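Written out below as structure tokens is the structure these notes cover.
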Amino acid sequence: MRLSLRFVLPLLIVLAGFAYAIVPLVDQFTQRWFVRDMDIRSSLIANTIGESLLEQVAAGSKAKTAAFFVRITQDERLYAIGYCAAPQSAPLASKLFPGDIRCDNLTRFEGADKNLLTSASGPLHVAVKPLESGGTAAGKLVLIHDMSFVERRSEETRRYVFFFFAGLAIVVSLITVIVAQLSWRGWVQGMRALLRGEGLLRQPPVGAAQPEFQPIARDLQRLIRDLENEARSRDEGQTTWTAESLRAILQGELRGEDVIVVSNREPYIHQQRGDHIEVQRPASGLVTALEPIMRACSGTWIAHGSGSADRAVVDARDHVQVPPDKPAYQIRRLWLTAAEEAGYYFGFANEGLWPLCHIAHVRPTFRSGDWAHYEAVNRKFARAVAEEAKTDAPIVLVQDYHFALLPRMIRELLPNATVITFWHIPWPNPESFSICPWREQIVAGMLGSSILGFHTQSHCNNFVDTVDRLLEANVDRESFRVTLGGHATAVRRYPISIDWPPAEEMVGKPVDECRAEIRRAHDLPADHAVGIGVDRLDYTKGIVERFRAIERLLELRPEWIGRFSFIQIAAPTRSSIEEYQSHEAQVRALATRINDRFSRAGRAGPPPILLKVEHHEPRQIYEHYRAAELCFVSSLHDGMNLVAKEFVASRDDGRGVLILSQFTGAARELPEALIVNPYDADQCAAALHLALTMPEAEQRDRMRLMRNLVAEFNVYRWAGRMLLDAAIMRRRGRLADGAATAGNG
Ligand code: ADQ
């Protein structure tokens, strides 16, 4: 409406002004036409009556001449008529002949522009026509026409002209408004799509940017990308990412924003221990990374309340303030029934999606009952997000494969939310993913996200290929943006990492002390060579392959028998799942067989494999890292693998060798490790030997490069980059909304 008035009002004013300017002109023209008309008419009358008038004048009958004049002036326009025989004579005239026209002043009316006279009865046209008789001049005939009709005609013409222009103004205004509305809407849509970077370089979908925007779009997109890259590299170059700098940046960029984290596991678990309640912090990089964000924004962390005393400490709305000693944010606990936990967590997430996304040759199991629970629990979390949101546009950080459906469900409840989903495990190729009976729903669910993060570019590529294969979505491979149902998702790589520098309690104990203590604790000689492996007891971690490689080392290099032991710390995990039970049994049996084989080999001494199936505190794990000659990560497939980075972080002495599977995300970032194929036992055995004999200088060189990388690409950068990208996206969204509001206004 406002847009219409903005166009119509000035137009009406201009057209009205135009009409008023043109009316006097029209008057002038019509008058000129009528005067010419009167002249012609007068000549005609003079020619017609001239002869008979002269005859009557010659006959000398004034009465007859008067009667003749009366007859002629019956013509409604002929006002009066007169005849002057000579300039000095009195005119013979009809009754209304004006007194101020005399025979001696007729010359004032001869001439095209002198023939108008204003009288009491209105404007008059005076025509003086000379008469001739037999070739000689015989006086002048004066014909006076009433011109008042001209005024009436002019009045009418003026009215018509005014109505004509008014009508024209309305028609032109309407056309202008329609054209303006259409092109403004197109422009706004174009700009919005452009700001979102959608569909501009490819065939635009219905409702996306119009083709005429494509050249501008391309330039603008390039410019935005350049600026972003510049800003990115500038702040990445200048920022040393720490918990503090992350907090400071977020306070600047996301001041007052409503931030919600959703994960399956909670950052603080309350456990009943006898008559008192103990608070546990799961050793997880995720908590380390996300806690500074929650502190900076006083956000809410929604998670499954799994601790035995979790219900005892929450308020009426299932909230508990954390950290317990210095509350800075709150956890909202959701309660799941045993059936829900079995179906959603153990069933669909860990027997279905986990093996589906990892190439570890374990078949996924899909049950429709598990799927129903997965869907229901995701919906439960979505409702909790809507309940916890303080605004209609919160920033929601969704963690992992337990919540593939949640992003879309959140978007349905809170269309303006910025949903950042991070998928902590690999994404398989489209063929592998197609095994899942609910593949389309999962992918569509994830595409409710504003940003979807993976550890590596190849996981991003696989995801985008999968979308391309399964859904009718617009996939832009240049910007890695997927648009489904008008909503765009940026698919990006955010390699996760660990806290840097490591906490003092992790690396406080000197390396020599760690070496001595660990050897003593495991009954190993002081100069015994030690390797370390730290994992959840999961079949994707390649523990079986790792043990086979150790066996192969001892076969190929028997000099290590009795001089080298490998300590495997394995945290029990998902033990209620059959596959995990049989995997644990296989690992235990293999360790026993190898130990038996090399104990019987004739040389007495410690066993080659020390298997510790138990949870360890992070401090104990770091002590093991610092005590070892090498750390062996042999995952068959791993999103990132934080153990590799933790080992590097723990070695502030510059010593130690990392052997790393090529199938981990970490292998892309740590090429200075000894990169191996865990399925190739000979190659792994060679790497073990190389690590055990690597000169100290080479160890230091490799370690220095890896430590620099982990220091720079730490977990605060991981979280910070995602949130800064979300902040940019929100600014762009507001810009586009502003343009749209202006367009609709
Ligand atoms: P995980 O599969 O759990 O994580 P990982 O990245 O190695 O694998 O992290 C394991 C963490 O648990 C490490 O911090 C480690 O110290 C700790 N841990 C291992 N064994 C332990 C034990 N016995 N006792 C105590 N702590 C133990 C998933 C993906 C990974 C991805 C992470 C983060 O599978 O690929 O790197 O998420 O995104």
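One table, with the values for the structure above:
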quantity: Residue check for T288: within 16 Å of the ligand (Cβ to nearest atom) and in contact with a helix residue (DSSP H, G or I) (Cβ under 7 Å, 6 or more places away or on another chain); calculated: yes
quantity: Failed criterion for G369 (all others in (1) surrounded by 17 or more Cβ atoms within 10 Å (Cβ to Cβ); (2) away from the ligand (no atom under 16 Å from the Cβ) hold); calculated: (1)
quantity: Test: residue in the range 699-706 that is in a loop (DSSP other than H, G, I, E, B), among the hydrophobic types (A, V, I, L, M, F, W, C) and either crowded, with 19+ Cβ neighbours inside 10 Å or at pLDDT 95 or above (or both); calculated: no
quantity: Filtered residues of the range 537-571 (kept if within 13 Å of the ligand (Cβ to nearest atom) and at pLDDT 95 or above); calculated: L537, D538, Y539, T540, K541, G542, I543, I567, Q568, I569, A570
quantity: Of the criteria (1) within 16 Å of the ligand (Cβ to nearest atom); (2) crowded, with 20+ Cβ neighbours inside 10 Å, which one G299 fails; calculated: (1)
quantity: Given (1) at pLDDT 80 or above; (2) in the same structural domain as L168 (by TED's automatic domain parsing), number of the condition V8 does not satisfy; calculated: (1)
quantity: Qualifying residues in the range 646-660 (those that are over 17 Å from I496 (Cα atoms) and not basic (K, R)) - the one surrounded by the most Cβ atoms within 10 Å (Cβ to Cβ); calculated: V657
quantity: Sole residue being buried (at least 22 other Cβ atoms within 10 Å of the Cβ) and without any contact (Cβ under 8 Å) to a residue 40 or more places away in the chain, chosen from G343, G352; calculated: G343
quantity: Qualifying residue in the range 408-422 (condition: within 16 Å of the ligand (Cβ to nearest atom) and part of a helix (DSSP H, G or I)); calculated: no
quantity: Check on A490, more than 16 Å from the ligand (Cβ to nearest atom) and touching a Phe, Trp or Tyr at 6+ places or on another chain (Cβ under 8 Å); calculated: yes
quantity: Filtered residues of the range 651-674 (kept if in a helix (DSSP H, G or I) and near the ligand (Cβ under 10 Å from one of its atoms)); calculated: A666
quantity: Long-range neighbours under 6 Å by Cβ, at least six apart or interchain, first residue over 25 Å from A666 (Cα atoms) within the range 459-471, second of a type in the set (D, E); calculated: L470/E440
quantity: One residue from S582, S576, S635, S599 being within 16 Å of the ligand (Cβ to nearest atom) and over 28 Å from E513 (Cβ atoms); calculated: S635
quantity: Considering residues of the range 452-487 that are closer than 24 Å to L709 by Cβ and either assigned to a loop (DSSP other than H, G, I, E, B) or of a type in the set (A, V, I, L, M) (or both) only, the residue farthest from the ligand (Cβ to nearest atom); calculated: F480
quantity: Selection count where residues are at pLDDT 85 or above, crowded, with 18+ Cβ neighbours inside 10 Å and under 21 Å from D325 (Cα atoms), scope the range 262-287; calculated: 5
quantity: Flag if L290 is surrounded by 21 or more Cβ atoms within 10 Å (Cβ to Cβ) and touching a Phe, Trp or Tyr at 6+ places or on another chain (Cβ under 7 Å); calculated: no
quantity: Breaking point among (1) surrounded by fewer than 18 Cβ atoms within 10 Å (Cβ to Cβ); (2) at positive phi, for D400; calculated: (1)
quantity: So S576, is it surrounded by fewer than 14 Cβ atoms within 10 Å (Cβ to Cβ) and either assigned to a loop (DSSP other than H, G, I, E, B) or touching a Pro at 6+ places or on another chain (Cβ under 9 Å) (or both); calculated: yes
quantity: One residue from R71, R108 being under 24 Å from A58 (Cα atoms) and either modelled with pLDDT under 85 or not assigned by TED's automatic domain parsing to the domain that holds R36 (or both); calculated: R71
quantity: In the range 710-745, the residues that are under 14 Å from the mean Cα position of the chain (by Cα) and of a type in the set (A, V, I, L, M, F, W, C); calculated: M722, L723, L724, A726, A727, I728, M729, L735, A736
quantity: The one condition in (1) part of a loop (DSSP other than H, G, I, E, B); (2) within 16 Å of the ligand (Cβ to nearest atom); (3) among the small types (G, A, S) that G533 fails to fulfil; calculated: (1)
quantity: Neighbours by Cβ (under 7 Å, 6+ apart or cross-chain): first from the range 37-59, surrounded by 13 or more Cβ atoms within 10 Å (Cβ to Cβ) and modelled with pLDDT of 80 or more; second among the aromatic types (F, W, Y) and in a helix (DSSP H, G or I); calculated: L53/F68; Q56/F68
quantity: Residue check for D310: surrounded by fewer than 16 Cβ atoms within 10 Å (Cβ to Cβ) and at pLDDT 85 or above; calculated: no
quantity: Matching entry among R552, R557, R536 (being in contact with a Cys (Cβ under 8 Å, 6 or more places away or on another chain) and either outside the structural domain of H689 (by TED's automatic domain parsing) or basic (K, R) (or both)); calculated: R552
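Condition check ((1) buried (at least 19 other Cβ atoms within 10 Å of the Cβ); (2) over 20 Å from the mean Cα position of the chain (by Cα); (3) in the same structural domain as H637 (by TED's automatic domain parsing); (4) not hydroxyl-bearing (S, T, Y)) across all residues:
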{"residue": "W423", "(1), (2), (3), (4)": "yes, no, no, yes"}
{"residue": "P428", "(1), (2), (3), (4)": "yes, yes, no, yes"}
{"residue": "S434", "(1), (2), (3), (4)": "no, yes, no, no"}
{"residue": "V464", "(1), (2), (3), (4)": "yes, no, no, yes"}
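The values are calculated or read from the model by the stated rules, or taken from the named source; none is laboratory data. Quick caveat, the model's predicted, so the values are computed rather than measured. Note that we place each Cβ from the backbone using ideal geometry, even for glycine, and neighbour counts take in every protein chain shown.
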